[in-house]
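See below for the structure under consideration.
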Amino acid sequence: MSLVAIVGRPNVGKSTIVNRIASGQPAIVDELSGVTRDRNYIKTDWSGKSFTIVDTGGLIFDDKENLIESIRQQAFLAVEEADAIIFVVDGKTGLLHDDKEIANILRQKTKPIFLVVNKLDDISKELDKFSFYSLGLGEPHAISAMHGLGIGDLLDELVKVLPPEKVEKVEGVINVAIIGRPNAGKSSICNRLLGEERVIVSNIPGTTRDTIDTVVERGGKSYLFIDTAGLRRRKKIKGVEYYGMVRVLRAIDRADIVLLVLDSSEGVTGQDQKIAEIANDRDCGVMVLLNKWDLIDAENLNNLYHSLEKKLRFISYAPVLKVSALKNKGISKIYPMIDKVANEYFRQVSTPQLNNLVQAIKTKGHTVSKGRKKLNLLYATQIKTGPPTFLFFVNEPSLINVYFKRYLTSEVRKFFSFKGVPVKLLFRKKS
Ligand code: GDP
Ligand code: GDP
């Protein structure tokens, strides 16, 4: 999947652009709380080419004290990691010093860059874009994200420069991404997992050029740890260790299973939540590793459980392991859990089993209705694994609402468990 990063000062309209491009796609709604979450990235396609746009501003830790520094860092990482960059400036305010600073970083790199002058709501203002030529980033593209002007032309140009799509997931292995905030202990856990095993460091053909993965063979199974080089490479920019969200997205895209590493002594932070959301939205299996368990005392134990319950409820299906990479505690449980989750992820249930499920649900009599219409479940079939996806045939799909879907999902889980993996339900009309 190609990744396109959006960079620029705050308020230039980056998230408006992402939303505009996303329009027509269902909003990401946390079905449990009914809240629509921020959308900092969106998977989309244009002229038959699919790609993901990432608003790096929204995804990276905002160091509010030093906003421009954090934007500079985003720009830096975006050019390192993305396939193309959309650099947004504000046509209303005109060129500002911070725009020049960002342009200076972008100009040093050879990635395709689209300089976009936003907020040109009125065609007669198109000429205003020319003052931005001085940034030295080529022809400015005039758009109005608010009114949807110029976006189509921009996307036409964008898809021309994106690399051809390639198969990202490697077959025949369990693809594992170790993800988490800086200092949570990802590298330490990775080292423990690779420690005693037979390790092949490999540059898997077809994957991103600078990604080095490690394949571990263990008990007749192969595990591919994604981007182990990226995990180990210490990226320090001006003393701050920085974490590239684009890189995380890439890793998650290639993963079957995400190991979300948390620092137990700090609880669940907003960034952990974002990472978990992405893993969930991208249909990966998820395991939560509560690392640094050695630092836990009674007080932070309470905080930890509270924040897990509150902030990661949408992945309550994920198994949670307490580990300490430092003390080598709990680590031996990780591989068996990966195996379990992988089994569930790729599990195909039989049609008779599904019939039993449908019968059991019907017996319970839970249903939805509107006016005289009442939902009738007819039968179901599993149309996909990785993650398990079920198609339910019903008399009237329009009756299905979020609550009923949630109920069905929980019934599917009661029946089949599917520990650690998202379960997808689809509906089709059958009379
Ligand atoms: P971000 O901080 O770069 O993500 O900027 P936002 O997308 O949050 O937009 C900042 C403000 O600019 C919001 O009030 C938007 O409504 C406004 N805005 C965004 N695009 C346009 C546009 O094309 N025209 C005008 N007039 N306002 C816009
Ligand atoms: P990463 O940035 O997520 O890859 O984190 P590292 O693996 O580099 O670890 C960050 C810091 O946390 C290092 O100083 C580690 O020694 C320390 N650390 C990692 N795991 C543990 C643990 O289980 N317990 C404690 N107390 N420290 C740990």
Per-residue SASA entry for I21, accessible area with 1.4 Å probe, Å² rounded to 10: 20
Qualifying chymotrypsin sites (Phe, Trp or Tyr not before Pro) in segment 262-361, DSSP loop, other Cβ atoms within 10 Å at most 15: F346
For peptides 384-393, 173-182, 355-364, sequence by mean Cβ density within 10 Å, most packed first: 173-182, 384-393, 355-364
Reciprocal mean inverse distance between Cα atoms of segment 73-168 - Kirkwood radius, Å: 14.0
By accessible area with a 1.4 Å probe, ligands and nucleic acids excluded, highest first: order of S222, S15: S15, S222
Computed Kirkwood radius, in angstrom, where 1/r is averaged over Cα pairs of segment 351-429: 12.8
Global form of segment 84-132, assessed from the alpha-carbon gyration tensor, a/c cut-off 1.5: prolate
Probe 1.4 Å, accessible area per residue of segment 290-390, Å²: 58
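The values are calculated or read from the model by the stated rules, or taken from the named source; none is laboratory data. Predicted model only: the values in this text are computed from it and were never measured. Note that we place each Cβ from the backbone using ideal geometry, even for glycine, and neighbour counts take in every protein chain shown. When the accessible area is computed, the model is the full protein with side chains, heavy atoms only, and any ligands, DNA or RNA have been set aside. Shrake-Rupley method; radii C 1.70, N 1.55, O 1.52, S 1.80 Å.
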